[in-house]
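Structure first, then comments.
The values are calculated or read from the model by the stated rules, or taken from the named source; none is laboratory data. Since the structure is predicted, the reported quantities are computational estimates derived from the model, not experimental observations. All Cβ positions, glycine included, derive from the backbone under ideal geometry; neighbour counts span all protein chains shown.
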Amino acid sequence: MEEKRKVERFQLRLETIVGLQGTAPDNKLPMLFSHDISSEGVFLLTDNPLSLNTMVNIGLFLPQVLFNKKKGRKTMISTTGKVVRTNENGMAVSFDRPCQISNFHLKT
């Protein structure tokens, strides 16, 4: 099967919170985990995917040990998108607007 994606995907397991667009963020929602992410979307692992075309708010939490060492705080990337695919493992969300994710190579 030929790969149809135009952008690179990164296997990245991030804690993720998802809510319906138009509602306030709610830290009582169940935490999901990303399976992979690209500049155009994310695949989220869940036993209860939302319906196709559902518009969502997404908060991706960056690893605390790397970005925010203050106790009780997490660094979060917020975006919005639409559920475009579901399967037995979870749901794919396409971001409303692309963000840039890339490898950064340090000179040694």
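Brief remarks on what is shown
- Odd one out for G41, checked against (1) more than 11 Å from the chain's Cα centre (by Cα); (2) modelled with pLDDT of 75 or more: (1)
- Total residues in region 12-28, condition β-branched (V, I, T) and modelled with pLDDT of 90 or more: 2
- Check on L66, at pLDDT below 95, more than 20 Å from E8 (Cβ to Cβ), loosely packed, with under 11 Cβ neighbours inside 10 Å and of a type in the set (A, V, I, L, M, F, W, C): yes
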